[in-house]
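Read through the structure below, which is laid out as structure tokens, and then see the notes.
The values are calculated or read from the model by the stated rules, or taken from the named source; none is laboratory data. Just so we're clear, the structure is a prediction, and the values are computed from it rather than from any experiment. Neighbour counts are summed over all protein chains in view; Cβ atoms, including those assigned to glycine, are modelled from backbone coordinates with ideal geometry. Note: areas computed on protein heavy atoms with side chains; ligands, DNA, RNA excluded. Shrake-Rupley method; radii C 1.70, N 1.55, O 1.52, S 1.80 Å.
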Amino acid sequence: MQLKVKKAATLTGHSGAIYDLNQGAEEHLIFSGSSDKYIALWNLKTMKAENFVAKFPSYLYEICYIPEKNLLLAGTSAGSIHILNLKTKEEIKILQHHTGAVFEIKYSLQTNCFYSAAGDGNFAICDLNTLSLIKIKKLSEQKIRSIDFNYTTSEIAVASGDGNIHIFNLNTLEEKKIFAAHQFSANIVRYSPDEKILLSGGKDAYLKIWNTENYELIKSIPAHNFAIYDIIFSPDTTLFATASRDKTIKIWDAKTFELLVRINKENFDGHSNSVNKLLWIDFNNYLISAGDDKAIMVWKVEREVTSSGVEMY
């Protein structure tokens, strides 16, 4: 497979490092959260900021938009989760069950819960209706960095700063398995769209591929020069991208795990500092990246087409 990658835009306006990106209410809208303590809303049709801006008392590390409830959850460096009603534009609740920075919030309509991972080593579960805490689990003395769901196996994967990955039953929260995945911190876990593999990235800069039948290691790839912070699959599921502290984004073949494109400052006018977050959306098949350089970059990813009009694979 051969790809053509071109920068479509650079979105600027944040005055601090950008730690998260999230899809908005329409396919061309995205949220961003930053150490400048603001959440901004961007329009990818105009490549400009919309009038929605929310300010918080602490750095923004995580955003979780729940369209079914019209809620926006914001996780901060102080461990608080602020819950905004986007219809009334009001903050309706602040949760403070974490004492460390909130690194990820994910929700599940199947369980009617949302889940948070934080720097205090705790993994928390809250009710989507009452917005109250159901359970909190201490998993590690290190940070808990990432969460993802596998609905085929009814499991939750949780990445820990001690290098372990925990697998829980989605419905009972019983711990089914724990395994050593990375030297130092396991930073990110993402199930493939078909839920047959789990990808993980660590502080050790390795990308690892696990079989979800038994979580045996399929492949270990020295993918970056420094820590891997995010992994995202393309909307058509044929590709995935990794983001790293080494200032690069890499795009991979989701079937063969072959590296296809390395996006850097020198060749693509990419990021000049750590790349912290990725978002890959249906709208124009945009891959969106954000990092410590305070910039959001929008990338157009296309398969190269031959003179006969045939897509190259």
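Observations on the model:
- Over all Cα atoms in the stretch 117-198, the spread is summed up by Rg and Dmax: 12.5, 39 Å.
- Calculated log₁₀ intensity ratio I(q)/I(0) where the Debye formula runs over C-alpha points of the stretch 1-128, q = 0.22 Å⁻¹: -1.32
- In a fully extended conformation the segment linking K89 and N285 would gain 67.6 nm over its present Cα-Cα distance, using 0.36 nm per residue.
- Rounded to whole Å, sorted largest first: equivalent-ellipsoid semi-axes of the stretch 10-65, Cα gyration tensor: 18, 12, 9
- Rounded if a/c under 1.5, otherwise prolate or oblate - the stretch 153-249, Cα gyration tensor axes: oblate
- Close lysine pairs were tallied over the stretch 178-313: pairs 8 or more places apart or on different chains with Cα atoms under 20 Å apart number 27.
- Cα gyration tensor shape of the chain, rounded if a/c is under 1.5, else prolate or oblate by comparing a/b with b/c: oblate
- Gyration tensor (alpha-carbon) shape descriptor, the stretch 247-294, a/c threshold 1.5: oblate
- Of the solvent-accessible surface of the chain, computed with a 1.4 Å probe and all protein chains present, 46% belongs to carbon and sulfur.
- Taken per residue, the accessible surface of the stretch 182-313 reaches 43 Å², heavy atoms only and a 1.4 Å probe.
- Where the stretch 1-114 is the region considered: accessible area per residue in Å², 1.4 Å probe: 44
- With Cα atoms defining each centre, the stretch 48-112 and the stretch 139-191 are spaced 22 Å apart in the structure.
- Alpha-carbon Debye profile of the stretch 66-109, log10 I(q)/I(0) at 0.20, 0.27 Å⁻¹: -0.63, -0.97
- Ranked by the mean number of other Cβ atoms within 10 Å of their residues, highest first, the peptides 220-231, 252-263, 31-42, 47-58 fall in the order 31-42, 220-231, 252-263, 47-58.
- For the set T76, T152, solvent exposure ranked by accessible area (probe 1.4 Å, protein chains only) runs largest to smallest as T152, T76.
- When the alpha carbon coordinates of the stretch 96-144 are projected onto the principal axes, the ranges are 29, 16, 15 Å, largest first.
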